Amino acid sequence: MSKSSPSLQEWKDLYGAAEEFKKIRCWNWMLDSDVFGVKNPANGEIGYCCVMGRLGEYFGLAAYLGTEGLKGYLKLQSGEIPGSDIEKLMLQKCLMASFEDRARLQKPDLEVIKKLGLKFRGRNEWPLFRSFLPGYQPWYLTGEEARFLTLILQQAVEVALRFKENPDMLVPPDWDYFFVRVAEKERDEWRWRDEWLKPSPPIEEEEEIIAEPVDESRLEGIKETARRQQRAWEIDFFYFISGVREGKGRPYYPYVFLWADHRSGFIPHFSLIKPSKPEYRAEFLGEFLNSIENTGVIPAKILVKKEELFKLLEPVTSELSIELKQVRRLKEIEQARAEMFEFFA
């Protein structure tokens, strides 16, 4: 817990809101596809909320933050991401309030409960609050996050009880609109109203991948010293299975950038890079050039799976006259990744 942690009063408000939410047990009549929004009065960001618990396994509320969080939620719902649990976790940009067994809570959670004088007993009865951010480990709330999550839980009770009486209330007038609760301040009090709002930027708008500047002098040096060989390299990146922590900061999952010889499976190079955009892209390109300089080899072909990687590499491979091809499978990378995860697991 840091200086930005919630105050004791903010914790009290949050636990109170969570208890009120749990009392109504709205997962008995709401699905996790019944999405509604709550707009943060502090910064205008919308938390797109879904209730969990209809299957009787995991109970709580998730609020996906902004359009980025909403896109991650929609990808999970659609089954578009069939990968590992770590990849699914990395899609989530949200605030989560869940009800767990005591064993799931950490020491700081229990300390707050003790300070507040609260008592919980039994399975799925202990409130747990976490912040999820792509590339980072689920972490404790800041004061700002706790204040917003308190409002979210309070508005979730309002929406859920109304939804119980009118299940059509969340049906949008158009596919890209969402039911959102919006607050206005009147005489030092918040007044909430309903609005139908589009996400901003639009859901369908894709992030533009801007190619990093090419180091011309370095490329000229590679052309003069490295030898060309009729080899094909597979290159991919993915989140590492274990978190890394620098000092007292929030633990993160580094990207593993992996190179593999397409024929032999030999791994000529790999690197761990902090997943902060756009810095990791420039660092990856530097590692790519390092791999050529260290091996002294310019491959004839490079195979990639991700479009992002294709766009990042294309300016450099063009300069080095390397054929760049996007494929559906990277057999040697998949094998190396499976062995790596098995070892570290």
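Here are the numbers:
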| quantity | calculated |
| --- | --- |
| Single residue of the range 133-158 satisfying the filter (under 20 Å from the mean Cα position of the chain (by Cα) and under 18 Å from residue 53 (Cβ atoms)) that is surrounded by the most Cβ atoms within 10 Å (Cβ to Cβ) | 149 |
| Residues satisfying the stated conditions in the range 299-345, i.e. in contact with a helix residue (DSSP H, G or I) (Cβ under 6 Å, 6 or more places away or on another chain) and at pLDDT below 95 | 312, 319 |
| Total residues in the range 29-49, condition without any contact (Cβ under 8 Å) to a residue 24 or more places away in the chain and polar (S, T, N, Q) | 1 |
| Condition check for residue 42: modelled with pLDDT under 95, aliphatic (A, V, I, L, M) and touching a Phe, Trp or Tyr at 6+ places or on another chain (Cβ under 9 Å) | yes |
| Unmet requirement for residue 168, which otherwise passes all of (1) crowded, with 19+ Cβ neighbours inside 10 Å; (2) modelled with pLDDT of 95 or more; (3) out of contact with any helix residue (DSSP H, G or I) (no Cβ under 9 Å at 6 or more places or on another chain) | (1) |
| Residue in the range 1-31 that is nearest to the chain's Cα centre (by Cα), counting only those that are hydroxyl-bearing (Ser, Thr, Tyr) and surrounded by 13 or more Cβ atoms within 10 Å (Cβ to Cβ) | 5 |
| Wholly within the range 14-80, strands (runs of 3 or more DSSP E) carrying at least 1 residues that are more than 18 Å from residue 177 (Cα to Cα) | 46-52, 59-65 |
| Enumeration of residues in the range 89-106 that are closer than 17 Å to residue 32 by Cβ and either among the aromatic types (Phe, Trp, Tyr) or not in a helix (DSSP H, G or I) (or both) | 91, 92, 93, 94, 95, 96, 97, 98, 99 |
| Residue identified as more than 30 Å from residue 44 (Cα to Cα), among the aromatic types (Phe, Trp, Tyr), at pLDDT 90 or above and assigned to a strand (DSSP E or B) among 238, 266, 257 | 257 |
| Residue check, residue 109 over 19 Å from residue 25 (Cα atoms), out of contact with any Cys (no Cβ under 6 Å at 6 or more places or on another chain) and part of a helix (DSSP H, G or I) | yes |
| Sole residue being touching a strand residue (DSSP E or B) at 6+ places or on another chain (Cβ under 6 Å), in the same structural domain as residue 228 (by TED's automatic domain parsing) and either part of a loop (DSSP other than H, G, I, E, B) or in contact (Cβ under 8 Å) with a residue 12 or more places away in the chain (or both), chosen from 248, 325 | 325 |
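Matching residues to (1) surrounded by 13 or more Cβ atoms within 10 Å (Cβ to Cβ); (2) over 18 Å from residue 215 (Cα atoms); (3) free of Cβ contacts under 8 Å to residues at least 12 places away in the same chain; (4) not assigned by TED's automatic domain parsing to the domain that holds residue 134:
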{"position": "267", "(1), (2), (3), (4)": "yes, yes, no, yes"}
{"position": "279", "(1), (2), (3), (4)": "no, no, yes, yes"}
{"position": "288", "(1), (2), (3), (4)": "yes, no, no, yes"}
{"position": "298", "(1), (2), (3), (4)": "yes, no, no, yes"}
{"position": "317", "(1), (2), (3), (4)": "yes, no, no, yes"}
{"position": "329", "(1), (2), (3), (4)": "no, yes, no, yes"}
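The values are calculated or read from the model by the stated rules, or taken from the named source; none is laboratory data. Predicted model, so just to flag it, every value in this text is computed and none were measured. As a convention, Cβ positions derive from the backbone with ideal geometry for all residues, glycine included, and neighbour counts pool all protein chains shown.
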